[in-house]
């Protein structure tokens, strides 16, 4: 008699796996990576390779020799962290910055909490902030090989300069200056569309972030256009798109319900704009995401999904 | 916008590969072995003993309580044994074994296939005929139909909903029935409407069955008060609560029954069984069973006498089972594994699906990445990741109850969608059982 | 500079004093009068918090034993008689000695004895499997080998034997807390008297099917033939529902039943050679 296979239902499974989701995120990052390589050349390739390599190696070594468990590097989550970190660094930063950042991201932010799924903060963002406060000079040195730029548009404004008015077409397609991943809004949006089509993420968080930024800056811009930059400038400048699409949507560190995700996204948008307008730092996306990461357990506790049959109040 | 339920749901590959196989009569074998536990509630009490001669349609088991049902001989012959035998899961259940001799039917059963007009009967007479024919819900739960048609006095049914969604992948028995015997189904619907005292009936059919929708719509032209509703394809549309939501927009509150929102749901196959019981005096002794699987050479829909061994149906369909194959009673989402192919069919067996190891083998579990796909997929608006986590932590029944684990309909959407291969439903099912036990003991 | 340091020091000192006074009065005011013996008893307890005594943990046991008039019904299976003597001494009471017990897995249906008839692919949990169907053999009663007892055990005393896929107890580590007994959905595990020199005779089968069915499913199952009841000089063995059971309070370890059993369902463990039959050596 044949030996039949027995298990409780369900007996089939969707095509999604942790590995396939992370692979899709990597694919979605490709346009941004390619644009940065084209713009910044070899120095950025070095940063990218070192970040990914150091992240994966750190995870492997910690799991293998400290935790003594099977390594999970094959799920690509460390590679995603490494790739995101590289895009968050100045494109021509020294290579050891990438190593320090990767070790901090994986070793401290991710593995000390128990690895994938357990961390409170997004590893790449936390590492970027760690580097920014530890090595402020290096992390804000946006020098590029061709040396055709100094301050970023946001930095110029923070230093009291008048807003340079680059054509928004230029902002949208590509621009030089800022972190490697900030170069092209179009490339980031292409990745966003890919993630949506593949059903890796939903629109909720990015739309909540961008919507809040647009509305908040729109209102203040109308009140005093001299002092406050407008919505379009704020949406397409700095790391907002990168943060909203790839960092704020990190599964582990974002809320689980639509209601929670709207609160989370709106919080990021608001804090970003408060820092941009009133803070000492020119850019606030990283800080905003980190601060909102802290609130996720609380949001998860109080924002329950709408239960079937529940009377709407 | 096509109608569907509002919360959650998934889109598994529907694999309706057997939909073009017309229903074929499977000949009766040398022996039938009829379970006394073919309905929800107490198993029937056998009323025949070894050596008795029985005819097709003769009562061999009588109800042993209010929620119980009649069981009839599905073949004529001599009773060989009345004893416990293992069911498809290997658990012993009382059975009546009949050695088949000829094909002699009880008097008064109309055998012709021609439509028979509805006899003039009162509400009570209709329900009694349904009860005596042993009709049970054929959607899977096997709830005795006559009980469902007798709602408590203070609750009023407003609408009958026929479930022709067949949202489980692979299964096509209802699809074939709706294509081939629409008049019978709709006559059955009219009879149920009369028994319930309602004058509106919706038949919900998913859009992936265009022929069934066409044939039912055509047949419904002659019926007043019956509306065919085309639904979007989404699992688990066939869930009672989901179907009511999809068609009427009303959501059955937690812990309540469909009748609390004025709805009664019946499967299309049940409606057909009601038609046969009331108009033809024919008890429920056979059903349509789909034999399907991507690995099979051919797909089939058979009309099979109840009590036929699963192994002989598979043999008749030309299926040879190898090792590490899964035979499911039902579809891949909610079907139960057959561990004992020697067991025989019961009234609610609508399909046997054969899956190969590569189609069904579970992946290795990894850490939860909190993607919330399970919460987005849950049609009851629960948080499966949380329920599973609470159960695994042990001794957290209070919190499980607060998170409404008892609302879980065990549809399997959460586990289907989990990228980390966490066996969410395995845990939730046990947590639900624990909490239900506590709730019941509290009620006492 | 010096001024700043002085100011800081003084400020801290004042603050410290202020809060010390507040804390002192709060502690006085809200002090809960508690029998000091509870702490004494708790310090004697092993501190495993296993719940084997029937209370929520060692603290709860201590609270209850101090409140109770005597030692009746109180026994810590982990600490055993030694601990109970100390507790009784601390409370100035007489102690009733309990007999030490050990968990016994009453199934010997390893792969060689009990053929696997299907392949289980669900969660690795006995409860999940048991709630689904009879199990991956034709025996619906025996050990499923998925390890619910292993995760329930706080003392690392029960493991699934990698060869037989049956749970096996480590007598040395087992404290007879009973957690595995509760965890086993099949009711295979029983707490039995540890016995003189750890020697025990027991029926290693709980299959309630009729003899013929049992025999078909497993070569070492109890078929309920009753031969053991006839040879037992102490009337310690009863057959109920087609399965024999040896009452350990009556058994005198004579092993006549062991010799009489036709299927070797009866196990006699830790006896000296040449009759030494250990569970794992049986199948070699």
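Using the Kirkwood radius over C-alpha pairs as Rh, can you work out the diffusion coefficient of the range B:197-293 via Stokes-Einstein at 37 °C, viscosity 0.692 mPa s, in µm² per second?
Rounded, D is 215 µm²/s.
Once every DSSP H run of n ≥ 4 in chain A is given -39500 (n - 2.57) and the sum is divided by its residues, what mean residue ellipticity at 222 nm do you get, rounded to the nearest 500 deg cm²/dmol?
Counting only the DSSP helices, I get -17000 deg cm²/dmol.
By count of other Cβ within 10 Å, fewest leading, how are A:70, B:240, B:206, B:359 ordered?
Lowest count first: A:70, B:359, B:240, B:206.
Using Cα pairs closer than 8 Å and at least 6 residues apart in sequence, work out the relative contact order for the range C:36-91, in percent.
39 percent
Considering the zone a paramagnetic label at residue C:273 would reach in this model (a point 7 Å from Cα along the Cα-to-Cβ line), which residues of the range C:194-218 have amide N under 19 Å from it?
Under cut-off, by backbone N: C:199.
Per DSSP H run of n ≥ 4, the term is -39500 (n - 2.57); total these for chain B, divide by its residue number, and report the mean residue ellipticity at 222 nm rounded to 500 deg cm²/dmol.
-8000 deg cm²/dmol
How far is helix A:123-134 tilted, in degrees, relative to the longest principal axis of the Cα atoms in chain A, given as a value from 0 to 90 rounded to the nearest 10?
40 degrees
Give me the percent of DSSP beta bridges within the range B:123-279 that run antiparallel, rounded to the nearest 5.
5 percent
Counting alpha carbon pairs within less than 8 Å and at least 6 residues apart, what relative contact order, in whole percent, applies to the range C:101-269?
24 percent
Suppose the chain between residue B:52 and residue B:402 were pulled fully straight at 0.36 nm per residue; how much longer would it get relative to their current alpha carbon spacing?
Using 0.36 nm per residue and subtracting the Cα-Cα distance, I get 120.5 nm.
Under the rule a/c < 1.5 gives rounded, and otherwise a/b versus b/c splits prolate from oblate, where does the range C:101-269 land using the Cα gyration tensor?
It is oblate, given that a/c is not under 1.5 and a/b is not larger than b/c.
Go ahead and estimate [θ] at 222 nm for chain C from helices alone: -39,500 (n - 2.57) per DSSP H run with n ≥ 4, summed, over the residue count, rounded to 500.
-9500 deg cm²/dmol
Considering only DSSP beta bridges with both partners in the protein assembly as shown, what is the antiparallel share in %, to the nearest 5?
About 65 percent, rounded to the nearest 5.
Roughly what % antiparallel, to the nearest 5, for the DSSP beta bridges in chain B?
Here the antiparallel bridges make up roughly 60 percent for chain B.
Find how much the distance from residue C:31 to residue C:60 grows on full extension, using 0.36 nm per residue of separation minus their present alpha carbon separation; answer in nm with one decimal.
Length gained between residue C:31 and residue C:60: 8.5 nm.
Among A:3, C:194, what is the fewest-to-most ranking by other Cβ atoms within 10 Å?
A:3, C:194
If the elastic network links every pair of Cα atoms under 10 Å, which of A:67, A:188, A:87 fluctuates the most in the Gaussian network model of chain A?
Of A:67, A:188, A:87, the Gaussian network model singles out A:67 as fluctuating most.
Looking at the range B:373-443, what % of the alpha carbon pairs are farther apart than 18 Å?
Of all Cα-Cα pairs in the range B:373-443, 29 percent lie more than 18 Å apart.
Using the count of nearby Cβ atoms within 10 Å as a rough guide to exposure, how do B:60, A:289 rank from fewest to most?
B:60, A:289
Could you calculate the FRET efficiency of residue A:207 with residue B:421 from 1/(1 + (r/R0)^6), where r is the beta carbon distance between them and R0 is 51 Å, rounded to 0.05?
Using R0 = 51 Å, I get an efficiency of 0.95.
Testing the spin-label approximation: label points 7 Å from Cα along Cα→Cβ at residue A:42 and residue C:259. State their distance in nm.
Label-label distance for residue A:42 and residue C:259, simple model: 9.1 nm.
With an 8 Å cut-off on Cα pairs and a minimum separation of 6 or more residues, tell me the relative contact order of chain B in percent.
RCO, chain B: 19 percent.
Between residue C:40 and residue C:10, what FRET efficiency comes out of the Förster formula 1/(1 + (r/R0)^6) with R0 = 30 Å and r the beta carbon distance, rounded to 0.05?
Computed FRET efficiency for residue C:10 and residue C:40 comes out at 0.10.
If you line up the long axis of helix C:80-91 against the longest principal axis of chain C, both from Cα atoms, how many degrees apart are they, to the nearest 10?
Rounded to the nearest ten degrees, it is 40.
Nearest 10 degrees is fine. How inclined is helix A:77-87 to the longest principal axis of chain A, computing both from alpha carbons?
Computed tilt is about 0 degrees.
FRET efficiency for residue C:22 and residue A:120, Cβ-Cβ distance as r, R0 = 35 Å, nearest 0.05?
0.55
When a/c reaches 1.5 or more, the comparison of a/b and b/c decides; with that in mind, is chain A rounded, prolate or oblate per its Cα gyration tensor?
Cα axes put chain A in the oblate bin.
Over chain A, with a Gaussian network built from C-alpha contacts below 10 Å, which listed residue (A:59, A:226, A:182) shows the highest mean-square fluctuation?
Among A:59, A:226, A:182, the largest GNM mean-square fluctuation belongs to A:226.
Starting from the Cα gyration tensor of the protein assembly as shown, take the square roots of the eigenvalues, sort them a ≥ b ≥ c, and report rounded, prolate or oblate (rounded when a/c is under 1.5, otherwise prolate if a/b is larger than b/c, else oblate).
oblate
Treat each spin label as a single point 7 Å out from the Cα along the C-beta direction, and report the residue A:197 to residue C:115 distance in nm.
In this crude spin-label approximation the distance works out to 5.5 nm.
Among C:234, C:155, C:61, which one moves the most in a GNM of chain C with springs linking Cα atoms closer than 10 Å?
Looking only at C:234, C:155, C:61, the biggest GNM fluctuation is shown by C:234.
Any read-out appearing in this document is the output of simple, stated calculations on the displayed coordinates, not a laboratory observation. What you see is a predicted model; the values in this text were computed from it and never measured. FYI the Cβ positions are ideal-geometry reconstructions off the backbone, even for glycines, and counts take in every protein chain you see.
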